[in-house]
1. Tilt of helix A:179-203 relative to the longest C-alpha principal axis of chain A, in degrees (0 to 90, nearest 10)?
2. Label position 7 Å from Cα toward Cβ: report the copy-to-copy distances for D:VAL73 in nm, one decimal, ordered from shortest.
3. Placing unit charges on C-beta atoms (Lys and Arg positive, Asp and Glu negative, everything else neutral), compute the dipole magnitude of chain A about its Cα centre in debye, rounded to 20.
4. Apply 1/(1 + (r/R0)^6) to the Cβ-Cβ distance of B:PHE64 and D:MET213, taking R0 = 30 Å, and write down the FRET efficiency to the nearest 0.05.
5. Which entries in the list A:LYS33/C:LYS35; B:LYS24/B:LYS253; B:LYS33/B:LYS253; A:LYS5/C:LYS78; A:LYS5/A:LYS210 go over 24 Å, if you measure between the two C-alpha atoms of each?
6. Treating the point 7 Å from Cα along Cα-beta-carbon as the label, what are the nm separations from A:ALA85 to the other copies, to one decimal?
7. Neighbour counts of other C-beta atoms within 10 Å: give me C:ASP125, C:ASP151 arranged from fewest to most.
8. Run through the other copies and list how far each one's label point is from that of B:SER44, in nm with one decimal, shortest first; the point sits 7 Å from Cα along Cα-Cβ.
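Throughout, read-outs are computed from the coordinates displayed, never taken from laboratory work. The shown structure was predicted, so the numbers you read here are calculated from the model rather than taken from an experiment. All Cβ positions, even for glycine, are placed from backbone atoms using ideal geometry, and neighbour counts span all protein chains on display.
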Number of protein chains: 4
Amino acid sequence: MGSFKGHALPGSFFLLAGIWWTGKFSLWYATRKNKSLGSARLASRASQRRVEVIESSLILFFSFVGMVGEQFVANGPKLHLYNFADKHWEQLHIWQHTTMYLFFGLAAIVSLIIHTTEAAPVALDRLMLAIAFFNEGFLFLYHLHGRAMLDVHVHQLLLYAVFGEGLVAFLEVFHRGNIILELLRCTLTLLQGSWFWEIGFVLYPPSGSKWDMDDHNTMMFITMCYSWHLAFAMLVVAVLYYTVSCAVRSRLKRTPPMEMGLLKPRERDVESEDENL
Amino acid sequence: MGSFKGHALPGSFFLLAGIWWTGKFSLWYATRKNKSLGSARLASRASQRRVEVIESSLILFFSFVGMVGEQFVANGPKLHLYNFADKHWEQLHIWQHTTMYLFFGLAAIVSLIIHTTEAAPVALDRLMLAIAFFNEGFLFLYHLHGRAMLDVHVHQLLLYAVFGEGLVAFLEVFHRGNIILELLRCTLTLLQGSWFWEIGFVLYPPSGSKWDMDDHNTMMFITMCYSWHLAFAMLVVAVLYYTVSCAVRSRLKRTPPMEMGLLKPRERDVESEDENL
Amino acid sequence: MGSFKGHALPGSFFLLAGIWWTGKFSLWYATRKNKSLGSARLASRASQRRVEVIESSLILFFSFVGMVGEQFVANGPKLHLYNFADKHWEQLHIWQHTTMYLFFGLAAIVSLIIHTTEAAPVALDRLMLAIAFFNEGFLFLYHLHGRAMLDVHVHQLLLYAVFGEGLVAFLEVFHRGNIILELLRCTLTLLQGSWFWEIGFVLYPPSGSKWDMDDHNTMMFITMCYSWHLAFAMLVVAVLYYTVSCAVRSRLKRTPPMEMGLLKPRERDVESEDENL
Amino acid sequence: MGSFKGHALPGSFFLLAGIWWTGKFSLWYATRKNKSLGSARLASRASQRRVEVIESSLILFFSFVGMVGEQFVANGPKLHLYNFADKHWEQLHIWQHTTMYLFFGLAAIVSLIIHTTEAAPVALDRLMLAIAFFNEGFLFLYHLHGRAMLDVHVHQLLLYAVFGEGLVAFLEVFHRGNIILELLRCTLTLLQGSWFWEIGFVLYPPSGSKWDMDDHNTMMFITMCYSWHLAFAMLVVAVLYYTVSCAVRSRLKRTPPMEMGLLKPRERDVESEDENL
């Protein structure tokens, strides 16, 4: 990307995704925990599906916009890959970003199919997410040749969050609905988002005053800064989780529970299937 | 191997294996999911065993052909390992390929024994497969000394698929019959197969025009290309899975289910044993 | 820290924590094992909670003291991060230590919340502990640039204990109450504590006679020494575990079991919830 | 050790251990599988304990002999660690071997305690074994500084077996009695044993004709050789497993099963406890 905006954009995207996921998983967990109070009406299986479908559609939309945007902005490669006249590759870093978006788009498509039809096993959405993150990290890993020390370092730190998130998503294939893993994934998403912003500020400081790219002390500061971002992400997740939990409980106390018998038997089967998977 | 054909051959083998496995596991998963519709007659335990036996026999046959072929082609070492006259090793890379085939052959023999007798625990076939892939990756890892940068790079990328597949097969020892892991293994097999072809095209281009072996941009393109191969492999698996699922369901709807009581009690025991393992 | 005391202090802290945890987990395990003898009165769920609350409060207190102490001792940075006059970072290593304490403090806060309210899932305390250890190891990892060979080596050895402990704590998220993992964590805590003392003795020998920082034999000795510390830590854990087990059993034999029916139903639910998680 | 005998000795030890373990685990697995035929009389829980006690005693004995032997042979350090006169460390490599034996001895002591008393959880013996192997690998890892390329390479290959075995033993903490993991551990033990012999032959050829220590082709051959050792180890395990299985079944068919009711209730409880752990 090579610009402040180029890092702020995906950063904002991940920040939004992190906040949204934290809210979603907190709500569903609170719903499951307070089942005896009739919380099913707050997040029934049907409404959960609807939420997943909307979420996947949005991710798909943004991935598509990202792919098209990167390719067709002013200096974009416009789907050309190799310049045969001058014998050089056309802006490979933009092609790499396109590829990253592509995998998130594929994950969204699979998630859409899973939650609108019964065609595929539910756990597949987490596998696709894991693959999308591993792919992102993998491309970043071979992205950094021959840059300045600090430039390499800030991107390497990003990789901890990216690969960590891929690993957590893969664990969720086997431990679906484990709130600990879900919140950990949310935290790492937020960390990734805020660190993209940090990279923007460090490499393309809007104030104009450049950082010293090869000072060892600056690298030590940046490393520590990464820890602070993690602490900040954990704080945001904690506050969101607490707010949602309180909201659910206060709302359940105000209104009496609906009869459980009114649930259609079909719906309950699906619900338990999802939990056991 | 050192030739286009030498990479296209194992590539084709893995492509075929990937397609075959995708079809097999999709069919069995669809069968298990639609049990209530009497799908057992599409893939009864007995027929599943027969399929496994045929598959293992084929792998054993091709491994044997591969071993003999590599040794006795025109320039092969013909089972000679060390030339005492000239004091040098005889074509070690061919011996390495022979060793790779050997381990796949061993895996096939164990699979044959497991599915024709009751002598060994069922999960052993996945362990042998995992060992065969780890061995392949291990030999490739020490295969690459002193080659050009691009040559090393394309083989290193191959290792991600090989070791990844070994790991997934090892996980299947504990999670046998998990469709997510099975499809992931199919995907990685296809990826390996198509990447062997890619290696052939890059290192021994049939068109004759050589690639620049030390251009950093070419390496970045190759890395991205690997992602595309992965996306392509996922697409193939998805299409195959979907086709098989639809075929099973449409066939089950046309014919009424057979009486379950006709199954011999013996057969049902075996089936559940396999699932619980 | 750069002084003997600076390493002895955290060392003592980890040694105390290791001994305390060994006692606690041994007691609870003995209690669970001897349930039939009415051992619940030795460590009822309510008393367990009280212990956890006290432990977390102490950790929180010491983390806070550590943070404030590091910042405001004679040469501390006093919360200043960057010296704009001289354009250099203010004592980054002290800021790093502050950050390490911060994460242990956060873990303690979360543990306090979990054991005083019902707001969060119980397994979260282990995740926070795992994150605190990973963060500690992560900061140490980027701490060592440009030091003498022996200095780097002794800190690298420390990382085995730190990351090992993080991993074990993460595994406990899924296997809570597994005595093997708990004792392993205790062992690694003791190892970490005694190794901090060893680092102090090696880098800042109180006797004054310096070690040869670049002798290969000294490095080999230090490596072996690490193994001995591990053996010693295992011995301490074994002795403590055995003592507690004997004490519990001898005490249970002297006094007849209380009626189980006297337990409030509420309390028993909570207990089983914790075990199943 | 620096001699042919110094590598042949531990090699023989591991070969014997591998064969013994294969026999033991094969027998117990065959016993469990043929329970309906009354196989319990072939390997009752009481006899299993007796076997474990004898095995642990032998390991303890050999560890002790190894430790004392290494220290007090002609040129041994005789428990001296540092020569203050000449200011150098006394034969650190022998001290390292002593440390390796120490950890296997500790594992044997813990195993003895577990199988003679009820003091400790059963799974602890696998954890101690895992720690002993990790410790062995860890010491080898820092053992190799400044040696010839081939010397380093053959020892690095050994590490795959050592760390692999540590990992498998650690997995057994959670999957105790899984025959796949047990046989894998046996295979890696045999691999380790035969590879120690190989190292002896390569580094100290009894024939006297030295290997070329820096030839790249020799390294490739050695790598492949390692695969062959693995295949050989798998073959030995397979033959042993098959022999024991056949022996158990043929013996069970000849003699009619004993009444199950004769088993003391106590014994059956212990048995199931062990299996569920």
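1. 20 degrees
2. Ordered by distance, the counterparts are at 4.8, 4.9, 6.9 nm.
3. So the magnitude is around 1180 debye.
4. Computed FRET efficiency for B:PHE64 and D:MET213 comes out at 0.25.
5. A:LYS33/C:LYS35; A:LYS5/C:LYS78
6. Distances between equivalent label points, in nm: 6.0, 6.0, 8.5.
7. C:ASP151, C:ASP125
8. When each copy's label point is compared with this one, the spacings are 4.4, 4.4, 6.2 nm.
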